Amino acid sequence: MAKIRVLVVDDSALVRSLLAEIINRQHDMTCVGAANDPLVAREMIRELNPDVITLDVEMPRMDGLEFLSRLMRLRPMPVVMVSTLTEQGAEITLRALEMGAIDFVAKPRIGVSQGLNELAGDIVDKIRVAAAAQVRRLAAPAPAAAPAAHASALAARPAAPLPRVSTEKIICIGASTGGTEAIREVLVPMPADAPAIVITQHMPPGFTTSFATRLDGLCKIRVAEARDGQRILPGHAYIAPGGRHLRIDRSGSNYVAVVEDTEPVNRHRPSVEVLFKSAARVIGPNAIGIMLTGMGADGASAMREMKDAGSYNYVQDEASCVVFGMPRVAIQHGAAHEVLPLTQIAPAVLARLANAPAGVRHRI
C-alpha cells in the first residue's frame, strides 16, 4: 500500500525536524518535504503533490490562515493545523476548521521537543484520518477578521418558536473530526425556546471555551461550556469542557450536568460514550440523540442503549461527513432511526418536536 505523503509547513526549523522525524518513523507515511513559509510550500505542493499538509498558523510572508484560504479555494487538500495552545491560537484554529482544515494539533509553547514527541501518536493518527477524509472546496475567501458579518447572517436565519415542549426533552450530540462545523450547522437553526442540548465534541483543553463563545455568538440559544452541578435548561446548549467528561444526572426533578476527570473512555476524554450512556440511563424516551461526523466508534454502542431506552436517534449520512466513522458504527449497531444529510438534521429534529412532517427521510 502506498505511503501517505506529508508536507510539513512551519517556520520553526526545530518543529519541522521533529515533525519529519515523527512522520518518518511510521510504516505507512513519509515526509516528502518541509517548507519554512507558505510561498515555499506553494511551490513544493506543485512539485511533490503531497497527500496531507501539516500547517503552522504564524509564519512569515503569509500567515497560515491566508494560505489555507487560498489553498482550499484553488487546490483543496487535507490539512492538519499545528496551533499554539493559547486563547488566540484557539480562535485561529476554529477559523481554520471553518475554512476546511480537517483537524488540529495543539503544540506546547514551551518544551516543544518533549511536547511534540509526547503528542506523536495523536499527530500521526490525525494525519491518517486527514488522508482519508472528504475535503471540500472553500467557496469564497474567508474574512481575515472575526466573522461578525457571517455570524449575523447565520443568526438571522428564521427559527420559528416551537409549540410548548416538555422541559424533560434533551438533545444529546456526539461528534469528533469535522464536528465543530457540523455542530454549528445543527445549532444555528434552533429557536431560543429549543429543548436543552448537551454536546460532546472531541477536543483538548484550552479550545472548548473559544468554541462555545463562537457558537454563542451565532445561535439564538445560549451556548457555554458545561459546569459541574449546573441545571440543564431549555434554550441552552452545554459543551463538554476539553479534557473532561460530561454526563447528565438527576437532582430531584431537575437534570444537572456532571463534569469529571475520570479515565478516558474509548481513548477519549471527553467521550461521547459517557454522555450517551448517561442519557440512556437518566433521560430514556425524553432523549433525542444525534451522532455527527467523526473517526472511530466512540458513542456508537451507547447510542444503541439510548435507542433501547426509548430515545429517537439521528445519524449523519456518509456523503455529508468529513469522516464517516462514528456514524457508520452507530448505524451498524442499529442505533439510528434516521440517517440524514447534515443540513436536514436540525429541520428533522424541529419537525419532530413540532409534530410536523420534515420532508423526505432515509428511514432505518
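The values are calculated or read from the model by the stated rules, or taken from the named source; none is laboratory data. Predicted, not measured: the structure shown is a model, and the values here were computed from it. Cβ sites come from the backbone with ideal geometry, for glycine too, and all protein chains shown count toward neighbours. Protein only, heavy atoms only, side chains kept; ligands, DNA and RNA dropped before computing areas. Shrake-Rupley method; radii C 1.70, N 1.55, O 1.52, S 1.80 Å.
Tabulated data for the structure shown
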| item | result |
| --- | --- |
| Count of the stretch 261-287 residues which are more than 15 Å from Tyr312 (Cα to Cα) and not in a helix (DSSP H, G or I) | 11 |
| Condition broken by Ser251, with the remaining ones in (1) among the hydroxyl-bearing types (Ser, Thr, Tyr); (2) within 17 Å of Ala196 (Cβ to Cβ); (3) at pLDDT 95 or above satisfied | (3) |
| The listed residue being over 26 Å from Lys3 (Cα atoms) and over 24 Å from the mean Cα position of the chain (by Cα), out of Met99, Met29, Met62 | Met62 |
| Yes/no for Ala192 being crowded, with 23+ Cβ neighbours inside 10 Å and either assigned to a loop (DSSP other than H, G, I, E, B) or of a type outside the set (Val, Ile, Thr) (or both) | no |
| Residue within the stretch 288-299 that is surrounded by fewer than 17 Cβ atoms within 10 Å (Cβ to Cβ) and not in a strand (DSSP E or B) present | no |
| Given (1) touching a Leu at 6+ places or on another chain (Cβ under 6 Å); (2) surrounded by 15 or more Cβ atoms within 10 Å (Cβ to Cβ); (3) more than 24 Å from Gly206 (Cα to Cα), index of the condition Arg42 fails | (1) |
| Residue under evaluation Asp51, criteria (1) open to solvent by less than 60 Å² (accessible area, probe 1.4 Å); (2) touching a helix residue (DSSP H, G or I) at 6+ places or on another chain (Cβ under 6 Å); (3) closer than 30 Å to Arg214 by Cβ, criterion not met | (1) |
| Residue within the stretch 67-89 that is at pLDDT 95 or above, of a type in the set (Asp, Glu) and within 24 Å of the chain's Cα centre (by Cα) present | no |
| Neighbours by Cβ (under 9 Å, 6+ apart or cross-chain): first from the stretch 111-130, touching a residue at least 24 places away in the same chain (Cβ under 8 Å); second exposed (fewer than 14 other Cβ atoms within 10 Å of the Cβ) and not in a helix (DSSP H, G or I) | Ala120/Arg25; Val124/Arg25; Val124/Asp28; Arg128/Asp28 |
| Selection count where residues are open to solvent by 30 Å² or more (accessible area, probe 1.4 Å) and either hydrophobic (A, V, I, L, M, F, W, C) or within 14 Å of Thr93 (Cβ to Cβ) (or both), scope the stretch 206-238 | 6 |
| Gly334 in contact (Cβ under 8 Å) with a residue 24 or more places away in the chain and assigned to a strand (DSSP E or B) | no |
| Positions within the stretch 234-257 being closer than 23 Å to Ser210 by Cα, in a loop (DSSP other than H, G, I, E, B) and free of Cβ contacts under 8 Å to residues at least 60 places away in the same chain, in sequence order | Gly235, Ala240, Pro241, Gly242, Gly243, Arg244 |
| Hits in the stretch 27-55 - residues which are within 16 Å of Pro78 (Cβ to Cβ) and either in contact (Cβ under 8 Å) with a residue 40 or more places away in the chain or assigned to a loop (DSSP other than H, G, I, E, B) (or both) | Asp28, Met29, Leu48, Asn49, Pro50, Asp51, Val52, Ile53, Thr54, Leu55 |
| Filter result for Thr177 (in a loop (DSSP other than H, G, I, E, B) and among the polar types (S, T, N, Q)) | yes |
| Enumeration of residues in the stretch 94-120 that are open to solvent by 30 Å² or more (accessible area, probe 1.4 Å), in contact with a helix residue (DSSP H, G or I) (Cβ under 9 Å, 6 or more places away or on another chain) and within 14 Å of Ile22 (Cα to Cα) | Val112, Ser113, Asn117, Leu119 |
| Among the candidates Leu18, Leu14, residue that is in contact (Cβ under 8 Å) with a residue 12 or more places away in the chain, assigned to a helix (DSSP H, G or I) and surrounded by fewer than 16 Cβ atoms within 10 Å (Cβ to Cβ) | Leu14 |
| Filter result (touching a Ser or Thr at 6+ places or on another chain (Cβ under 8 Å) and surrounded by fewer than 24 Cβ atoms within 10 Å (Cβ to Cβ)) within the stretch 300-322 | Ser320 |
| The one condition in (1) touching a strand residue (DSSP E or B) at 6+ places or on another chain (Cβ under 9 Å); (2) open to solvent by 20 Å² or more (accessible area, probe 1.4 Å) that Asn266 fails to fulfil | (1) |
| When residues of the stretch 56-91 are limited to those that are of a type in the set (Asp, Glu) and not in a loop (DSSP other than H, G, I, E, B), the one surrounded by the most Cβ atoms within 10 Å (Cβ to Cβ) | Asp56 |
